[in-house]
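Below is one structure; the comments refer to it alone.
The values are calculated or read from the model by the stated rules, or taken from the named source; none is laboratory data. Values in this document were obtained by computation on a predicted structure and should not be read as measured data. A quick note on method: Cβ atoms are made from the backbone with ideal geometry, for glycine too, and the neighbour counts reach across all protein chains shown. These accessible areas exclude ligands, DNA and RNA; they are computed on the full protein's heavy atoms, side chains included. Shrake-Rupley method; radii C 1.70, N 1.55, O 1.52, S 1.80 Å.
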Amino acid sequence: MSFGSVITAIVTPFDDRGRVDEAVFLDLFRHLVANGSDGVVVCGTTGEAPTLSDAEHLRLVELACAERPSGATVIASTGSNNTAHAAEMTERATALGADGILSVTPYYNKPNRRGLVRHFSEIAKATDKPVILYNVPSRIGLSLDNELLAELGQVERLDYVKQADNAALAQIDGLGLYAGNDDGFAPALDLGACGGILVASHLAGPQMRRMVEEPENRADIDASLKPLYSALGVTTNPIPVKAALNLLGHEVGPPRLPLVEADEAELSVIRGALAETGLT
């Protein structure tokens, strides 16, 4: 299936008591789809999955699937460094109606290549939906090299890769390519990628949609958004994008500990980027 080209890794809004704010989540989902996104990844890193209980995690998947805007895709992030838990969450998210699964490289325990193949193969067995492998060595300390990705692409239902290592962006036989970084979106599209799983699209969705639809203007649009990309990396994701959304009136609340709200210096950078890119 096609998930679309602009997929936003949606933040998880919290209220002033630290609870998941379902109404704001749905409002934001609708806003994203009305402003360039084809769909969302629910409960990824940007959605603060490490601090969500399984009940909260699955409720957000359920809510997104049940209340999705017409035509929007829902990809459930269900990865874990515990294969049994990842497979269970994958099975449950599939039953709730997710269109696809995003599964990250196991972190901390750092399995070897044989372990990685078995891990992802077990996840593929737990669903009848396409699985997107998520390679993000900056967070994991372990990379799925392109040779291993090609091997994994021969496993049934391991159909895509979200590549968050810009230096390794490449078309891989058997795997559709999604950019995993905002600043890798234009280079990935130039390679013929399916699209990107993005964070800046919370704020600049129409511009990122134009990067898909207007390849002749892609480089200029990408250049115009570089201050935004930079500001969204001023501290750990999703702290900056939540701060930016709050500044723009979306009231997604603070992150959960151990992440903390942006400080004044970081907010100054974020405000400056929003102004420079014409978003305020």
**Request:** Let me know the whole percent of all Cα-Cα pairs from region 96-159 that are separated by more than 13 Å.
**Result:** 60
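Taking K and R as +1 and D and E as -1, what net charge do the other residues with C-beta under 12 Å from the C-beta of residue 6 add up to? Let's see the in-between values first.
Values: positive: 209, 210; negative: 38, 182, 213.
Spelling it out: positives minus negatives among the neighbours equals -1.
Take the alpha carbon gyration tensor of region 78-237, find the square roots of its eigenvalues, order them as a ≥ b ≥ c, and report rounded if a/c is under 1.5; if not, report prolate when a/b exceeds b/c, else oblate. Walk me through the numbers on the way to the answer.
On the way: a/c = 1.79, a/b = 1.75, b/c = 1.03.
Here region 78-237 falls in the prolate category.
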**Request:** Calculate how many DSSP beta bridges within the chain are antiparallel, expressed in % of all such bridges and rounded to the nearest 5.
**Result:** 5
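At 0.36 nm per residue, minus the direct Cα-Cα distance, what do residue 30 and residue 150 gain on full extension? Give it in nm, one decimal, please. Working shown, then result.
Details: separation 120, 0.36 × 120 = 43.20 nm, distance 3.56 nm.
Here the segment from residue 30 to residue 150 would lengthen by 39.6 nm.
About its Cα centre, what dipole magnitude does region 17-63 give when the only charges are +1 on Lys and Arg Cβ and -1 on Asp and Glu Cβ, stated in debye to the nearest 20?
On the way: 4 positive and 8 negative charges, 21 e Å.
Rounded to the nearest 20 debye, it is 100 debye.
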**Fill in**
In order over region 114-119: 3J(HN,Hα) from phi, Karplus 6.51/-1.76/1.60, θ = phi - 60°, whole Hz, x for each Gly or Pro, gives 4, x, 5, 4, 5, 4
**Request:** Straight distance only, please: which lysines reach the Cα of residue 226 with their own Cα at less than 26 Å, same-chain residues fewer than 8 apart left out?
**Result:** 162, 242
**Message:** Using the basic label-point model (7 angstrom from Cα toward the beta carbon), what is the residue 226 to residue 51 distance in nanometres?
**Reply:** 3.3
**Full-extension gain in nm, residue 66 to residue 276, via 0.36 nm per residue minus C-alpha separation** = 71.9 nm
**Request:** Work out from phi, with θ = phi - 60° and the Karplus expression 6.51 cos²θ - 1.76 cosθ + 1.60, the ³J(HN,Hα) of each residue of region 139-154, listed in order in whole Hz, and give x for Gly and Pro.
**Result:** 9, 9, x, 8, 10, 8, 5, 5, 5, 5, 4, 4, 5, 5, x, 8
**Fill in**
Residue by residue through region 23-29, the couplings from Karplus 6.51 cos²θ - 1.76 cosθ + 1.60 with θ = phi - 60°, in Hz, x for Gly and Pro, are 5, 5, 4, 5, 4, 5, 4
**Request:** Express the accessible area of region 52-117 per residue in Å², computed with a 1.4 Å probe while the remaining protein chains stay in the model.
**Result:** 43
**Asked** How much area per residue is accessible in region 178-218 when the probe is 1.4 Å and only protein heavy atoms are counted (Å²)?
**Response** 33
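How large is the convex hull of the C-alpha atoms of the chain per residue, in Å³? Kindly include the intermediate steps, with their values, before the conclusion.
Working: hull volume 32.4 nm³, N = 280.
Convex hull volume per residue, Cα atoms: 116 Å³.
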**Message:** Can you tell me how region 1-97 classifies by the Cα gyration tensor, rounded, prolate or oblate, using a/c under 1.5 as the rounded cut?
**Reply:** oblate
**Asked** Once the piece of chain linking residue 167 and residue 22 is laid out straight, how much longer is it, given 0.36 nm per residue of separation minus the C-alpha distance between them?
**Response** 48.5 nm
**Message:** Quick check: at a probe of 1.4 Å, how many percent of the accessible area of the chain sits on carbon and sulfur atoms?
**Reply:** 48
**Item:** Dipole moment magnitude, nearest 20 debye, region 57-188 about Cα centre, only Lys, Arg, Asp, Glu C-beta charged
**Value:** 360
